[in-house]
Every structure is written in C-alpha cells, then in structure tokens.
1. Given 99, 57, 85, which one is within 23 Å of the chain's Cα centre (by Cα), open to solvent by 60 Å² or more (accessible area, probe 1.4 Å) and touching a residue at least 24 places away in the same chain (Cβ under 8 Å)?
2. Residues of segment 7-21 being surrounded by fewer than 16 Cβ atoms within 10 Å (Cβ to Cβ) and in contact with a strand residue (DSSP E or B) (Cβ under 9 Å, 6 or more places away or on another chain), which ones?
3. Of the residues in segment 28-59, how many are at pLDDT below 90, basic (Lys, Arg) and assigned to a strand (DSSP E or B)?
4. Being touching a strand residue (DSSP E or B) at 6+ places or on another chain (Cβ under 8 Å) and under 26 Å from residue 205 (Cα atoms) narrows it down to one of 129, 110, so name that one.
5. Please indicate, with yes or no, whether at least one residue in segment 268-281 is over 16 Å from residue 135 (Cα atoms), among the aliphatic types (A, V, I, L, M) and touching a helix residue (DSSP H, G or I) at 6+ places or on another chain (Cβ under 7 Å).
6. Report yes if some residue within segment 216-225 is modelled with pLDDT of 90 or more, open to solvent by 10 Å² or more (accessible area, probe 1.4 Å) and under 18 Å from residue 161 (Cβ atoms); otherwise report no.
7. Residue 4 - would you say it is in contact with a strand residue (DSSP E or B) (Cβ under 9 Å, 6 or more places away or on another chain), in a helix (DSSP H, G or I), polar (S, T, N, Q) and open to solvent by 20 Å² or more (accessible area, probe 1.4 Å)?
8. Looking at (1) acidic (Asp, Glu); (2) open to solvent by less than 70 Å² (accessible area, probe 1.4 Å); (3) outside any helix (DSSP H, G or I), can you tell me which one residue 79 breaks?
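The values are calculated or read from the model by the stated rules, or taken from the named source; none is laboratory data. What you are looking at is a predicted structure, and each value in this text was computed from that prediction instead of being measured. Backbone-built Cβ (ideal geometry, glycine too); neighbour counts: all protein chains shown. Just the protein is used for accessible areas: all its heavy atoms, side chains included, with ligands, DNA and RNA removed. Shrake-Rupley method; radii C 1.70, N 1.55, O 1.52, S 1.80 Å.
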Amino acid sequence: MTENTIEIENVSLYKRLCGFKDKNIRTIEELFKVKIIPRGNTLIIDSSKENTEKALKLIHLMGDYLHINNMDYEFNDLDLKYLAKTIAGGKTVDANEIKKLKINFPESNKTILPKTINQANYLSTIQNKALTFAIGPAGTGKTYLAVAAALHFFTSRKVEKIVLTRPAVEAGESLGFLPGDLIQKINPYLRPLYDALFDLLPYEKIQKLIEAGSIEIAPLAYMRGRTLNHAFIILDEGQNTTVSQMKMFLTRLGNNSRIVVSGDITQIDLDKPKDSGLLHARRVLHSIDEIGFIEFTREDICRHPLVDKIVEAYDNHSKSEKK
C-alpha cells in the first residue's frame, strides 16, 4: 500500500474538489479503488502505488479544470468518469490546451469544454481544417460540439452563415404519411440540430437568426447546385448519404468556409449499407492532409452511463451474429 498526501491552500478550491458532502471524493474512491481521507485542507490517499498515482493525476487535473472554468462550475459523476477513463487509458490531458478550445456563450451562461481527448482533437481539427469528419457512436458529442463550433465561428464573425443539413432517410418511418409540405415533414429529422442550437443560445436569438437566414436548416437535397461561401456547414447523420450525395455535398465547399460531417457507421439506414457515402468518403479521402478524420469510440460517450452499456450490448450482439 502507498500513502500520499496532497495539500490544497485555496479553501474554496479544496471544497469544490471534494464536492458537496465529499461526493467527488467518494466517486474517485470508487473509480480507482483507493481510500481518500479529507483532513483540514489536505487529502490523504491510500492504495496500491498504481491506483494512488492515477487518483493523484485525476485530482490535479480536476484542479486545473476548476481554474479554467467559472466559479459556479461543479463536477458531476459523468465529468469525473470521462477524466478517469482518460487517465486510466494512459493518456495525457493538458488543461491549458483544453482551455484554448473553451467556447463561451454569455447569453445562455453556457461554457463548452471538451471532456475527452477525442473531443479536444475534434474541436482543434474543426478550427484548423476546412473539412472534418466525425465518426462514432451515439452520445459522443459529434453533433453538439459541431453546432457549438459553428455558433462560435458565427458570433466571432469568422463566417456569415450557418447551414445545418441531414439526409432524409426513413429509419422505419414513412414521410409520405406525415402532414404538411416537405420542410414540415423533414423537421422531425432535423430536431437534434434544433435541440443543440436552443441549448446553446436563447430560443428567441436562434429564431431571429433563422428568420434572418443567418442559420439555415434544410434537407440535403436542397444543397444541390449551390456554392456556400463564408459559411459553416454541418452534415449530420452522414452515414445515411449515398456516395453521389456525399460527393455533391462536399463539393459545395466555398471560400472561407468550414464543413463538418458527422455520422455513426453502425446505424446506417440505407437499403444497402455498404453504399454509405460516409464509408466511401473515409476510404477515398483519408490520405488528403487538409481533411481531418476523428474516430470516436465508446470511451467518448458523454450521455447517461447507461448509453455506454447499451452501445456495448449492441456491439457484442452484432459481433456474435457475425461468428
């Protein structure tokens, strides 16, 4: 057994590290199988050398995160789980590098920070490359972070317009039986994009931007024949495009624009999944330096912990069927 002591001079920081009624301490104990004794402004960690070192790294990283966040920021179990997974995987998290990727939305009092290494790479790639592909399972922040980056580019006046689109592929539902015109029928498919927008900025602000044409949300078919200059364009559910649709979309890229394509290749709703435009693009474009590919895994899932277990169960079932 190895015992280590860490002293935190800032009383406020110490309390935030420990959490309400030492909740964070109990979570760290469970994650790394250590015993932590809070005493005054000191934490005494007792466990095996390896587990103690991991717990110390996590506590130091938590302190760095608290320094770069607002004073009212508090860790929840999910936050600690992501950071602990990263440390347990032997990866290094540089809080100063994370700080550079911080996105603030004062109107909604929202602060967006990447919670995993892949999320940090994702935001960094979006900043530095004109075209970014994000591939991975549900709950990894692909759409949400892309929308956050788009709003940041727009409010910073780096682009003049945001365009959000998805392919109109029916995942067991029938568009033909839904009431209204095409836009009204397609709106349910675009709902995740609306949800992200309304979570980051006040509803009234987003509505005004949509009415002014500064934010455009439309089916993929509406992109044909256009050249989008000075725009931030997001294609969500990219796995449900055909090869020709993906090529059409990617060639809409205009001057001073950004494109982000996100998708989950385990949830292809096409009749012939092998014909997915996202799969094809990954094969054809992977060697172009100016294009970024971020591959998310289950380790990046940022929703309820149950989502991770659901994804794992489906993955295991799929593997067993292929045997």
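1. Step by step, each of 99, 57, 85 is checked, and only 99 is within 23 Å of the chain's Cα centre (by Cα), open to solvent by 60 Å² or more (accessible area, probe 1.4 Å) and touching a residue at least 24 places away in the same chain (Cβ under 8 Å).
2. If the condition is that a residue be surrounded by fewer than 16 Cβ atoms within 10 Å (Cβ to Cβ) and in contact with a strand residue (DSSP E or B) (Cβ under 9 Å, 6 or more places away or on another chain), then 7 is the only one that fits.
3. Adding up the residues that qualify gives 1.
4. None of the others qualify; the one that does is 110.
5. yes
6. yes
7. no
8. (3)
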